[in-house]
Structures are given as C-alpha cells and as structure tokens.
Amino acid sequence: MGRDVYALDAPVTWQADITNTGEAFLVMGSAEATVVGECGRCLEPAQYALQGEIEGYYLVGDQPDMPLDEDDEQDFDVLGEDHVIDFEPLIVGALALELPLVPLCTPECKGLCPACGANLNQGDCGCSAEDDKPDAANPFAVLKDFKFE
C-alpha cells in the first residue's frame, strides 16, 4: 500500500489567537477543511470534513536562563529574527491528525471482487471467487490450503 492522497474540496478555514506570555507566544485555534481521497476498498471518491486544533508555542529570541531538557525541545519553536509565525505547518499538522487511517467511501463499503475487480457496492458481479483455481503464477497460491492453528 502506498500513501493516501487527498485533495482539498474547498478552501481551508481557520482562526487562531496569539497570546504573548512575556517570554513566548502561545498560538491556539482551529482549522476546518473538506478533503477528497480514494476509498481504500473500492477506489471510489471518499469525502471527509476535518476539524483540527491548532497549537503552537514560540519562544521570543534567545532564552539563555531557561533550563531545557530533551523533552522541552520538542514542545516549542524559537521565533525567528523576522518575528514571523508560519501558520501553514500548524494548520497542516492539525488537519493531518484528523485524517482517517483507512479512507472509506462509506463504513459499509464492500470493496472490489478479488476475482474480476467489479465494484461490489454496485451489485453482485456474478462470478464466484471461491470457484476460481489459484493462479500458478501467484507465489502465495501454495498457502491457499494451509491450516492455521
């Protein structure tokens, strides 16, 4: 299996509040988007409405007196000299966490027939996958009658 590919169905909407804590900026907000991908069972379009939480923590300049341990380094970014916060990675990260593990067009998707490749959501294909003999060219054909305990 490869990567799932999604396309935006509409522009992403987002909002964020930035709070200056004195030594850092705290970014909190939300993002919403509608994406379309490919169903993992039948390859038809699968649409998802995503809602994610934007979170970011940016230290202002160098903080030499702040004790840092290994775990702290992953909890924040240091604000650059230009004092610009790039929201794109925050928004992409918030929405990516909401993507399904296996995209499905519907939870009841029947997928494709393993013998003829027909979409079983559109009706029975008429072939009987059980009557098919294992393909000799298939290296896994010898496992067809293997008894698992």
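A compact table of results
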{"item": "Filter result for the condition that a residue is at pLDDT 95 or above and β-branched (Val, Ile, Thr), over Val60, Val36", "result": "Val36"}
{"item": "Inter-residue pairs, beta-carbon under 6 Å, first farther than 20 Å from Tyr58 by Cβ and in the stretch 84-113, second open to solvent by 60 Å² or more (accessible area, probe 1.4 Å) and outside any strand (DSSP E or B), 6+ apart", "result": "Pro103/Asp4; Cys105/Glu44; Cys109/Arg41; Lys110/Asn121; Gly111/Arg41"}
{"item": "Residue within the stretch 95-107 that is within 21 Å of the chain's Cα centre (by Cα) and in a helix (DSSP H, G or I) present", "result": "yes"}
{"item": "So Glu53, is it modelled with pLDDT of 95 or more and open to solvent by 40 Å² or more (accessible area, probe 1.4 Å)", "result": "yes"}
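The values are calculated or read from the model by the stated rules, or taken from the named source; none is laboratory data. On a predicted model such as this, the values are computed, not experimentally measured, just so you know. Ideal geometry is used to build each Cβ from the backbone, glycine not excepted, and the neighbour counts take in all protein chains shown. Note: areas computed on protein heavy atoms with side chains; ligands, DNA, RNA excluded. Shrake-Rupley method; radii C 1.70, N 1.55, O 1.52, S 1.80 Å.
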